[in-house]
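The next block holds one structure in the form of structure tokens; read it before the comments.
The values are calculated or read from the model by the stated rules, or taken from the named source; none is laboratory data. Keep in mind that what you see is a predicted model, and the values were worked out from it rather than measured. Glycine gets a Cβ as well: all are built from the backbone with ideal geometry, and neighbour counts include every protein chain shown. Quick note on the areas: whole protein, heavy atoms, side chains included, nothing else; ligands and nucleic acids left out. Shrake-Rupley method; radii C 1.70, N 1.55, O 1.52, S 1.80 Å.
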Amino acid sequence: MAVYEVVKNGDPVLREKAKQVPKITPNVKKLLDNMRETMYINKGVGLAAPQVGVSKRIIVVDVGEGLFEVINPEIVESQGVETDMEGCLSIPGAVGDVPRAASVVVKGLNRDGQEVSINARGFLARAFQHEIDHLDGVLFIDKAENVRKEG
Ligand code: NI
């Protein structure tokens, strides 16, 4: 396994619309492993493939409720609105208050190519929305009401 360097704001890959993954190859699984390692070592709660320079629709999320690895994730339902603080490994030192849906249903594929449907609320729902935004070239600072220095 390897830890990647996290791409920082200003790199054009963060603004691209990431491509669907047509087939889950061994390379996709290796990418998932390395994204997970990269997320944990940086103490992140989520990571999207564009953040390691790979413009593909792949995310990993772990807010303390277990690891989720989702390929071609989609939000198929969302309810409510909540505003809370977010940061991003690609924008170190910055936080902001971002309105997000309070709960979402995320569909996609797991690493074995099986369809998964995840009901997420609160911080987990927020993390999924943040990571899926990365796949569309959207950063939290685009939506935040009050971007400021952390701490
Ligand atoms: Ni982020």
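Exactly one residue among Arg148, Arg126 is open to solvent by 20 Å² or more (accessible area, probe 1.4 Å), among the basic types (Lys, Arg) and modelled with pLDDT of 95 or more, and that residue is Arg148. I'd like the full set of residues that are farther than 18 Å from Met35 by Cα and crowded, with 23+ Cβ neighbours inside 10 Å, limited to region 129-145. Answer for region 129-145, where residues must be farther than 18 Å from Met35 by Cα and crowded, with 23+ Cβ neighbours inside 10 Å: just Phe140.
Somewhere in region 103-124, is a residue away from the ligand (no atom under 15 Å from the Cβ), in contact (Cβ under 8 Å) with a residue 24 or more places away in the chain and of a type in the set (Asp, Glu)? Yes, region 103-124 contains a residue that is away from the ligand (no atom under 15 Å from the Cβ), in contact (Cβ under 8 Å) with a residue 24 or more places away in the chain and of a type in the set (Asp, Glu). The set of residues from region 31-43 being within 14 Å of the ligand (Cβ to nearest atom) and surrounded by fewer than 22 Cβ atoms within 10 Å (Cβ to Cβ) comprises Thr38, Asn42, Lys43. Here Val3 meets each of (1) touching a helix residue (DSSP H, G or I) at 6+ places or on another chain (Cβ under 8 Å); (2) open to solvent by 70 Å² or more (accessible area, probe 1.4 Å); (3) in contact (Cβ under 8 Å) with a residue 40 or more places away in the chain with one exception, condition (3). If we scan region 67-82, do we find a residue that is among the charged types (D, E, K, R), over 30 Å from Thr25 (Cβ atoms) and within 16 Å of the ligand (Cβ to nearest atom)? No - not one qualifying residue is present in region 67-82.
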